[in-house]
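In what follows, a single structure is set out as structure tokens and then discussed.
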Amino acid sequence: MESLPTYILPDNVITMMEGQKITNRGETPNHLLQRVTDTMFAAEERFNTSPKTITLLKQEFAQHMVDGRFIPGTPTLTNAGRRTEAALSSCVVIPTDLRDPLQSAETIRSYYAQNMGSGFDFTQYDNPVELVLWLNQLAADETATGAYDRYIGNMGSLHISHPRIKEFIALKSQDGIIPYFNISVDIPEDFMQAVIEDAPFQLADGTTISASDLFTIIAQKAWQTGDPGILFMDRMNQDNPIAVTSPYLTTPPCGEMGLSEGETCQFGYLNLHSFTDESGTVDYKSLGQATSLITRALDNAIEYSLENYPTELTTQVAQLKRKIGIGVCGLAEMFMQSSLPYGSEEARLYARDVLAFINYISKKTSVDLASVRGSCGAMNDRISNTYFHGYLERKYALHPTHTVTTDMWTSLASAIKTTGHLRNIATTALPPTGRASIILGVTSAIEPFFSVVDSSGTILPHIAKYVRQQVPDIAERVLADAATFGSFQNIDYLPKKLRSVLKTAQEIDPYDHIAMVGALAGTQGVIDEAASKTVNLPQTATVEDVRNIFVQAWQMGLKNIAVYRDKSKMGQPQHL
């Protein structure tokens with residue numbers, strides 16, 4: 001057994017991990033580190049990696065976890081070395097025909113048991129509302145058994161043209177009902193055009209409705225409880241390089257990527273704050289090394305999982321795509337350390353530089369892995385796979401950043417086309433990092449600070465440190481006042497620029513929330529998939545505000561959007 005670095009986690013994190021069943025009760029952080037590292041590098045022997053190299057890879061991986069630089073998704077943390085019969089994947093579109101409830105229930109349970117978040121598209125069914133209610137009850141019954149390590153989370157989506165769309169939209173009108181589902185409406189371009197032009201729209205059964213009126217109902221329900229969200233699945237499939245043979249149907253519970261039937265994804269997260277020094281400078285050399293390593297580790301996790309997926313279809317799709325989703329967290333801390341307001345254009349450009357670099361390095365690593373391990377199955381299809389027909393050039397080379405030039409993208413695209421080498425059909429996404437970010441002690445995904453204080457009313461450590469750096473002479477007074485107000489925005493004696501850097505989610509203009517998603521994960525974004533991102537609104541926001549946000553999201557090229565109005569749900573988190 002390798003000698004790994006000592007893994008120290010705060011007591012509250014250890015308690016959270018035990019309570020959430022990520023770890024066994026009494027399990028030490030070092031035992032967690034050992035079992036995760038052993039499992040994620042178990043596949044290396046299949047590729048004839050030398051024992052010495054495997055040892056070095058495991059030690060490097062463990063050191064990154066100890067240093068808080070990256071972490072695998074929590075299903076991996078939960079299953080690795082504890083559930084030897086389980087895959088390590090984070091999410092799935094469960095392949096089942098819901099018209100056969102007995103067989104479906106058996107299949108669904110087999111995926112729930114592996115701690116995956118699940119997606120269901122109900123467009124093909126006549127009775128989507130009844131199916132959601134049945135599946136929610138199934139999840140409730142399964143949860144009651146106490147047999148599951150993870151909360152059973154599902155996404156249910158329905159195309160806007162479905163005859164029962166109004167009933168579906170209203171499913172979660174009452175707070176607290178259907179707790180095991182998020183719901184989203186799949187909206188195509190022609191519907192949005194009809195909304196803008198105040199034109200009629202025809203449902204699948206021939207009924208003609210007012211697109212604008214229906215859109216307003218969606219906004220009203222989202223204003224009321226946060227559901228439904230909106231998916232633009234057509235846009236997701238435009239960025240699906242094998243959409244012809246494996247089209248996306250729906251998404252995981254938080255909408256961060258498209259998934260085809262039976263498809264899973266393997267998540268891991270880079271903590272951007274840990275690569276940013278006190279002057280706000282990103283250590284790109286270290287970030288590149290960490291990105292390359294986590295790409296390799298996630299590919300190993302897929303290889304490990306192939307023998308453990310519940311159905312043959314999922315195994316086949318995993319071999320076809322080998323899709324991984326490298327996400328990020330700590331973006332808000334990175335901006336703060338760089339003294340950039342979250343809502344500024346400078347922050348968006350900075351984030352584009354960083355995420356484009358991660359995307360590029362992960363794909364270069366995927367090409368290198370394929371030269372040794374072989375490409376994913378989709379690379380055998382030179383006809384419909386758009387990697388051979390300008391995918392990287394169109395998606396990325398036309399929108400270069402300071403860190404990845406047009407020439408870099410076109411050179412990589414040429415190498416892929418010439419050699420056919422690509423291990424992973426997609427490498428980057430922006431999933432939520434709820435529990436993973438808690439372990440790392442930073443903000444989730446690409447969200448701004450939700451609050452400036454913790455549950456005890458104490459200013460968050462990273463914020464307190466930053467304030468002491470910026471205004472050392474008055475720092476303690478500022479921190480005391482901010483703790484009292486729960487905000488820095490009313491502290492008039494604090495410089496305006498500094499206050500703008502310290503805005504929380506509700507203090508940031510909704511447009512700037514949308515603009516951040518568009519810059520990173522829109523149709524001209526710098527990652528492969530979509531983003532889990534919520535536009536947080538004050539309690540005073542109106543239905544018209546929500547409607548305008550949805551329109552702006554479409555106009556800015558987003559692939560999905562969700563809103564949350566303060567206090568529209570009972571028991572909402574007060575601090576993150």
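No value in this document is a laboratory result; all are computed from the given coordinates. It should be emphasised that the depicted structure is a prediction, and the values quoted were computed from it without experimental measurement. Using ideal geometry, Cβ is built from the backbone for each residue, glycine included, and neighbour counts are taken over all protein chains shown.
For this structure, a couple of remarks:
- Proxy reagent accessibility, fewest Cβ within 10 Å first, across THR6, THR251: THR6, THR251
- Dipole check for the chain: with +1 at the C-beta of Lys and Arg, -1 at the C-beta of Asp and Glu, and the Cα centre as origin, the magnitude is about 960 Debye.
- Per-residue ellipticity at 222 nm computed for the chain from its helices equals -13500 deg cm²/dmol, with DSSP H segments shorter than 4 residues left out and the rest contributing -39,500 (n - 2.57).
- Summing +1 for each Lys or Arg and -1 for each Asp or Glu among the other residues whose beta-carbon sits under 13 angstrom from that of LEU287 gives -2.
- Ranking ASN136, ILE383, PHE70 by Cα position along the charge dipole of the chain, where only Lys, Arg, Asp and Glu carry charges on their C-beta atoms, puts PHE70 farthest toward the positive end.
- Partner aspartates and glutamates for LYS323 [C-alpha distance under 15 Å; skip if fewer than 8 residues away on the same chain]: ASP239, GLU256, GLU261, GLU263, ASP299, GLU303, ASP528, GLU529
- Annotation: the residues LYS21, LYS323, LYS221, LYS52, sorted from fewest to most other C-beta atoms within 10 Å of their own C-beta, follow the order LYS52, LYS21, LYS221, LYS323.
- Bins of 10 Å from zero: percent of alpha-carbon pairs in the range 454-503: 27, 65, 8
- Partners of LYS567 within straight-line reach, counting lysines whose Cα lies under 23 Å from its Cα and excluding those fewer than 8 residues away in the same chain: LYS172, LYS221, LYS503, LYS533.
- The range 1-76 - charge dipole about Cα centre, Lys and Arg +1 at Cβ, Asp and Glu -1, debye rounded to 20: 120 debye
- A DSSP coil position with no more than 11 other Cβ atoms inside 10 Å describes the following GluC sites (Glu not before Pro) in the range 245-332: GLU278, GLU307.
- Stretch gain in nm, segment TRP134-GLU60, where the contour uses 0.36 nm per residue and the Cα spacing is subtracted: 22.0 nm
- In straight-distance terms, cross-link reach from LYS21 covers every one of the aspartates and glutamates whose alpha-carbon lies under 18 Å from its own, apart from those fewer than eight places away in the same chain; here that gives ASP11, GLU85, GLU142, ASP149.
- Model label sites at ALA42 and THR540, defined 7 Å from Cα along the beta-carbon direction, differ in position by 5.6 nm.
- Shape of the range 1-125, Cα gyration tensor, a/c cut at 1.5: prolate
- Listed residues SER50, ASN548, ILE217: farthest to the positive end of the dipole of the chain (Cβ charges): SER50
- For the range 426-505, the list of chymotrypsin sites (Phe, Trp or Tyr not before Pro) that fall in a loop by DSSP and count at most 12 other C-beta atoms within 10 angstrom reads TYR493.
- Total charge dipole magnitude, the range 262-344, about the Cα centre, Cβ charges on Lys, Arg, Asp, Glu only, Debye to nearest 20: 180 debye
- Base-10 log of normalised Debye intensity for the chain (one unit scatterer per alpha-carbon) at q = 0.07, 0.12 Å⁻¹: -0.39, -1.25
- Given charges at Cβ of Lys, Arg, Asp, Glu: the chain dipole, positive-most of LEU102, GLY327, GLN114: GLY327
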